[in-house]
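Chemist: Structure in structure tokens, see below.
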Amino acid sequence: MANDPDNRCRLCLVAPPDRDEAAAARRLSQALSGGNVASLIIGADPDGPTRLLRLAAATVPVAQARGVAAIVHNDTQVAGRTGADGVHIDGGLADLTAAVRTLHPGRIVGAGGLASRHDAMVAAEAGPDYLFFGRLTGDTGAGIFARARDLAAWWSSVAVIPAVVMGGHALASVEEAAAAGIEFVALSRAVWDDARGPAAAVGEACERLAAAGEPVR
């Protein structure tokens, strides 16, 4: 799949962790100016739904203005109030099933929290739009967490529902996802912690994905 230009691995972002919503929106805008991004996942915050609502309200319009799908973590109410494109559910099968029933077909529902092939198959039966392997905060190593990469690669090889894998904190981790034939790779620290700025980081990530998708000569 990675060698087919029409099926290149694409980039997703996890929203910047800035405590100031205006700063998060500004940095997101900078990141999206750097290259093609498929989607943004706006993660839950330990301060609770009020903080998540403020962050989503600030970042959803920025993403959508660039044609990027904005997806809210685990909160259908916040997604609805901010006009987000969907939700990312990793709270279990009951929550996933309820989100699919409530939001389909008009909005995206993604499934996370998958620790095994069995988890993936059970989640897929609920009818989500993608399966996410790894944790949104799982970029603690430079590369992709091996278990998440292997599960995502397996899923991409056997199923139609696309897989998203959490990348590492190094931009080169996107090449791992592309080489494994995974449809989407998510980045967080690799973009937001880059000393050159988020636009340069996204630009490099996209260049790496494009190079990885070129046919072998």
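The values are calculated or read from the model by the stated rules, or taken from the named source; none is laboratory data. Treat the numbers as computed from the prediction; the structure is a model and nothing was measured. FYI the Cβ positions are ideal-geometry reconstructions off the backbone, even for glycines, and counts take in every protein chain you see.
Chemist: Among the candidates 135, 117, which residue alone is under 13 Å from the mean Cα position of the chain (by Cα) and surrounded by fewer than 18 Cβ atoms within 10 Å (Cβ to Cβ)?
Modeler: On inspection, the qualifying residue turns out to be 135.
Chemist: For region 126-181, give me each residue that is among the aliphatic types (A, V, I, L, M), out of contact with any Gly (no Cβ under 9 Å at 6 or more places or on another chain) and more than 22 Å from residue 36 (Cα to Cα).
Modeler: Answer for region 126-181, where residues must be among the aliphatic types (A, V, I, L, M), out of contact with any Gly (no Cβ under 9 Å at 6 or more places or on another chain) and more than 22 Å from residue 36 (Cα to Cα): 126, 146, 158, 159, 160.
Chemist: Considering region 159-217 alone, what residues qualify as being of a type in the set (Lys, Arg) and either touching a helix residue (DSSP H, G or I) at 6+ places or on another chain (Cβ under 7 Å) or farther than 30 Å from residue 124 by Cα (or both)?
Modeler: Answer for region 159-217, where residues must be of a type in the set (Lys, Arg) and either touching a helix residue (DSSP H, G or I) at 6+ places or on another chain (Cβ under 7 Å) or farther than 30 Å from residue 124 by Cα (or both): 196, 208, 217.
Chemist: When region 45-82 is examined, which residues are found to be within 22 Å of residue 26 (Cα to Cα), part of a loop (DSSP other than H, G, I, E, B) and under 18 Å from the mean Cα position of the chain (by Cα)?
Modeler: Scanning region 45-82 gives 45, 66, 67, 68.
Chemist: Under 7 Å by Cβ, and 6 or more places apart or on different chains, what pairs join a residue from region 83-98 that is without any contact (Cβ under 8 Å) to a residue 40 or more places away in the chain with one that is surrounded by fewer than 17 Cβ atoms within 10 Å (Cβ to Cβ)?
Modeler: As it stands, the answer is 93/122, since those pairs meet every condition given.
Chemist: Another one. Checking the conditions here, which among 179, 200, 148 is more than 17 Å from the chain's Cα centre (by Cα) and within 30 Å of residue 19 (Cβ to Cβ)?
Modeler: 200
Chemist: So which residues in region 1-39 are modelled with pLDDT of 95 or more and among the polar types (S, T, N, Q), if there are any at all?
Modeler: Within region 1-39, 29, 30, 33, 36, 39 qualify.
Chemist: Can I ask one more? Looking at this structure, is residue 67 under 16 Å from residue 12 (Cβ atoms), without any contact (Cβ under 8 Å) to a residue 12 or more places away in the chain, out of contact with any Cys (no Cβ under 9 Å at 6 or more places or on another chain) and surrounded by fewer than 23 Cβ atoms within 10 Å (Cβ to Cβ)?
Modeler: In short, yes.
Chemist: Continuing with the same structure: With the checklist (1) more than 27 Å from residue 119 (Cβ to Cβ); (2) touching a residue at least 12 places away in the same chain (Cβ under 8 Å); (3) of a type in the set (Lys, Arg) in hand, flag the one item residue 196 doesn't pass.
Modeler: Residue 196 satisfies every listed condition except (2).
Chemist: A further question follows. Output the residues belonging to region 151-175 that are under 27 Å from residue 24 (Cβ atoms) and more than 15 Å from the chain's Cα centre (by Cα).
Modeler: 170, 172
Chemist: Which ones in region 114-128 are part of a loop (DSSP other than H, G, I, E, B) and either at pLDDT below 95 or under 13 Å from residue 151 (Cβ atoms) (or both)?
Modeler: 114, 115, 116, listed by residue number.
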